[in-house]
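Values in this text are rule-based calculations from the coordinates and carry no lab data. Note that this is a predicted model, so its numbers are computed, not measured. Note: ideal-geometry Cβ built from the backbone for every residue, glycine included; neighbour counts use all protein chains shown.
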Amino acid sequence: FLDAALCQLYPGYLEALRRYTRALLQKNSCLRQCKLSGQPPPHELLDSFDSQLCGYGARLAQKRRDYTAALAAAAAAQYGGISQGRETLTLQYCPGAPDPWQPDALADALAAGRPADLRAGFATVGVHRDDIAFLLDGSPAKLYASQGQRRSAVLAAKIAELELIGTITGQTPVLLLDDVLSELDAARQDYLLNRIQGKQVFITSCDAALFAKTGGKVVTVEGGRVWE
């Protein structure tokens, strides 16, 4: 989710992600061979991979941390509107290593994790294990939220992403929403449809009546036929 947005916003991020992924694949291949062969690990080669993972990983982590902070504030405001203030949405960047935006801290974490890497046959520490947590009133949404609440949280994050990209680039991207209305109550549907007014949006639903609330063009697809 973070990478998809950041790759669009920052060309340097895409290049760092490619180079990090390449070094990670090479390191994992080396670790897997060591585990299967039982031979002594080539620490100098692994050090070389870790050096690349530190340099590129720190750049990725810094962008993810900063972007999540901006996204969290915007998403919280959007979710407050969707839920009419009944719940609070929090987004948290969960790094796969302590302070990975600092190359020295990331290097220490990779070094400390090498014994576990050798036992597992793959890299167990690094920014490839980063995650983003969605919390509703402080509890993990994936465990405690209803389907409608989870859908609302994702929508809030996507609308926030739309606004951030527009602010950063000066251009509003096209928003694609596939059957997002079916599990929202009427109040949440109205909020979403009002928030996308004036933007270029493609939205699908099996209930054509929902589009009566919008001023957009309605296209019907049935049995392979398309008409307006």
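Here is how the numbers come out for the structure above:
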quantity: Proximal aspartates and glutamates to residue 158, defined as alpha-carbon separation beneath 15 angstrom and excluding residues fewer than eight positions away on the same chain; calculated: 3, 178, 179
quantity: At most 16 other Cβ within 10 Å, DSSP loop - trypsin sites (Lys or Arg not before Pro), the stretch 121-228; calculated: 199, 217
quantity: Computed label-point distance, nm, for sites residue 112 and residue 169 using a 7 Å Cα→Cβ extension; calculated: 3.9 nm
quantity: Positive-end residue, the stretch 150-228 charge dipole about Cα centroid, Cβ charges, pick of 169, 226, 186; calculated: 169
quantity: Residue among 160, 58, 111 with the largest mean-square fluctuation in a Gaussian network model of the chain, springs linking Cα atoms under 10 Å; calculated: 111
quantity: Nitroxide proxy distance, nm - points 7 Å out along Cα→Cβ at residue 207 and residue 129; calculated: 4.3 nm
quantity: For the stretch 80-228, size of Cβ-based charge dipole, Lys and Arg +1, Asp and Glu -1, in debye; calculated: 220 debye
quantity: Pairs of Cα atoms farther than 25 Å apart, the stretch 69-202, %; calculated: 41 percent
quantity: Pairwise centroid distance, computed over Cα atoms, of the stretch 162-222 with the stretch 121-160, Å; calculated: 22 Å
quantity: In nm, spacing of pseudo-spin labels at residue 200 and residue 8 (7 Å Cα→C-beta vector); calculated: 1.2 nm
quantity: The chain, relative contact order in percent, only Cα pairs under 8 angstrom and at least six apart counted; calculated: 18 percent
quantity: Anchor residue 35: lysines whose Cα lies under 23 Å away (excluding residues fewer than 8 positions away in-chain); calculated: 27
quantity: Estimated D of the stretch 130-213 in µm² per second, where Rh is the Kirkwood radius over Cα pairs and Stokes-Einstein applies at 4 °C, 1.567 mPa s; calculated: 92 µm²/s
quantity: Value of [θ]222 nm, deg cm²/dmol, for the chain, DSSP H segments ≥ 4, -39500 (n - 2.57) each, nearest 500; calculated: -19000 deg cm²/dmol
quantity: Two-site FRET efficiency, residue 183 against residue 122, from Cβ-Cβ distance with R₀ of 41 Å, rounded to 0.05; calculated: 0.65
quantity: Whole-angstrom gap from the stretch 80-94 to the stretch 1-43, using each part's C-alpha centre; calculated: 33 Å
quantity: Residue 76-residue 150 FRET efficiency (beta carbon distance; Förster radius 22 Å; 0.05 resolution); calculated: 0.90
quantity: Kyte-Doolittle mean at least -1.0 and Cα axial length at least 18 Å: DSSP H helices in the chain; calculated: 11-37, 43-82, 147-169
quantity: Cβ-based charge dipole, the chain, positive-most Cα from 98, 112, 46; calculated: 46
quantity: Estimated D of the chain in µm² per second, where Rh is the Kirkwood radius over Cα pairs and Stokes-Einstein applies at 37 °C, 0.692 mPa s; calculated: 163 µm²/s
